[in-house]
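The values are calculated or read from the model by the stated rules, or taken from the named source; none is laboratory data. This one's a predicted model, so the numbers in the text were calculated from it and none came from an experiment. No Cβ is skipped: glycine too gets one built from the backbone with ideal geometry, and neighbour counts run over all protein chains shown.
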Amino acid sequence: MSDTTSIVLNGESRTTSASTIAALVHDLGLVPEKVAVEHNGEIAPRSQLDAIVLADGDTLEIVHFVGGGDHKGDDTWSVAGHTFRSRLIVGTGKYKDFAQNAAALEASGAEIVTVAVRRVNVSDPNQPMLTDFIDPKKVTYLPNTAGCFTADEAVRTLRLAREAGGWDLVKLEVLGEAKTLYPDMRETLRATETLANEGFHPMVYCADDPIAAKQLEDAGAVAIMPLGAPIGSGLGIQNRVTIRLIVEGASVPVLVDAGVGTASDAAVGMELGCDGILMNTAIAEAKDPIRMARAMKLAVQAGRDAYLAGRMATRKYADPSSPLAGLI
Ligand SMILES: CC(=O)[C@@H](O)[C@H](O)COP(=O)(O)O
């Protein structure tokens, strides 16, 4: 058994002297109901907090949900000074029309919509305008740089967005090629630096790469948005390990952006500890977009609750649900 244990708390390494997880939680002054614990790579159920004794070489991560995480609906998240209840962000592309888009948004409960500045009309009053259907006073508009393939193009696009609507909380995506729509991480990093220096708050679409995620954060990204799978593919989260590593390493919100196909994909992202999910195609291309929007809302909530609840430990073998002890 070890007297001093190195742990990761809210993404930061700390050393403490307690020997069981429950004692650690107490020593650190945390509220047990508001912590999630990962012990040697497995989520430890809260009921076992005081049963797990730490040994030398153990790995332990304690995630403390400051000010949230209970059942009273106060589980908010914040980015660049804006606080939201909904952890779902929806897009504004591929819908039949703005009316359907607005109805899906309503059903999703999302408080943020992302808008492709180069594709969606938000400023020409002679054309149908998104703002007539989705009120920017009630919903946060998150301008994005969809369709930009260089840092310069993306930065120019967001400067225009800021001039048109005053938006400085923005979503940056710099694509590498049309076939995969994978981000060009070199250009993305360059654009992040420029935007941060110009006073923007860039939420950044990126590869599911923990090192790149850290570099973006250092460059001024206010949120890290790794793809779950290629944009518009609906393939669901392809690499849970890298998403989890990004969540563990980040001190800004992490949101899966792109590739969600159905509700269970959204739940998986949230169960991995992401702060939220951004999606467009899964809702817009569903046979019934309004119903799918509602399903996504519930899935994001369910995944978040499951994460906060702390899943049971996995076992290699069966364990009877009705205890066999005492039976003849
Ligand atoms: C809406 C938006 O910003 C997209 O660029 C985003 O990446 C969504 O991807 P999906 O369409 O795969 O959900």
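For region 228-252, give me each residue that is closer than 16 Å to Pro202 by Cα and not polar (S, T, N, Q).
Ala250, Val252
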Study note, to complete from the structure: Residue set Thr83, Thr59; condition in contact with a Gly (Cβ under 9 Å, 6 or more places away or on another chain) and either at pLDDT 80 or above or at negative phi (or both); output residue Thr59
**Study point:** Residue among Thr180, Thr188, Thr145 that is within 16 Å of the ligand (Cβ to nearest atom) and in contact with an Asp or Glu (Cβ under 6 Å, 6 or more places away or on another chain)
**Key:** Thr145
Practice item. Out of Ala221, Ala318, report the one residue that is crowded, with 18+ Cβ neighbours inside 10 Å and more than 14 Å from the ligand (Cβ to nearest atom). Key: Ala221
Check your understanding: Of all residues in region 196-212, which are within 16 Å of the ligand (Cβ to nearest atom) and either more than 15 Å from Leu158 (Cα to Cα) or charged (D, E, K, R) (or both)?
Key -> Cys206, Ala207, Asp208
Review point. When both residues are 6+ apart or on different chains and their Cβ atoms are under 7 Å apart, which pairs have a first residue that lies in region 224-244 and is under 12 Å from Cys274 (Cα atoms), and a second that is among the β-branched types (Val, Ile, Thr) and near the ligand (Cβ under 7 Å from one of its atoms)?
Key: Gly228/Val260
Check your understanding: Inside region 228-262, can you point out the residues that are outside any helix (DSSP H, G or I), among the hydrophobic types (A, V, I, L, M, F, W, C) and within 16 Å of the ligand (Cβ to nearest atom)?
Key -> Ala229, Ile231, Leu235, Ile237, Val254, Leu255, Val256, Ala258, Val260
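Scanning for something modelled with pLDDT under 95 and buried (at least 16 other Cβ atoms within 10 Å of the Cβ), does region 287-294 turn up at least one residue?
Keep residues of region 287-294 that are modelled with pLDDT under 95, which gives none.
No, region 287-294 contains no residue that is modelled with pLDDT under 95 and buried (at least 16 other Cβ atoms within 10 Å of the Cβ).
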**Study point:** Meets criteria (at pLDDT 95 or above, more than 16 Å from the ligand (Cβ to nearest atom) and not small (Gly, Ala, Ser)) for Glu111
**Key:** no
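When you look at Ala212, is it in a loop (DSSP other than H, G, I, E, B) and crowded, with 19+ Cβ neighbours inside 10 Å, yes or no? Show your work before the answer.
On the way: in a loop (DSSP other than H, G, I, E, B): no; crowded, with 19+ Cβ neighbours inside 10 Å: yes.
So Ala212 does not fit the description; no.
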Study note, to complete from the structure: Of the candidates Glu173, Glu163, the one satisfying the condition of being buried (at least 24 other Cβ atoms within 10 Å of the Cβ) and either within 12 Å of the ligand (Cβ to nearest atom) or modelled with pLDDT under 95 (or both) is Glu173
Practice item. Could you identify the single residue in Leu308, Leu298 that is away from the ligand (no atom under 16 Å from the Cβ), free of Cβ contacts under 8 Å to residues at least 40 places away in the same chain and not acidic (Asp, Glu)? Key: Leu298
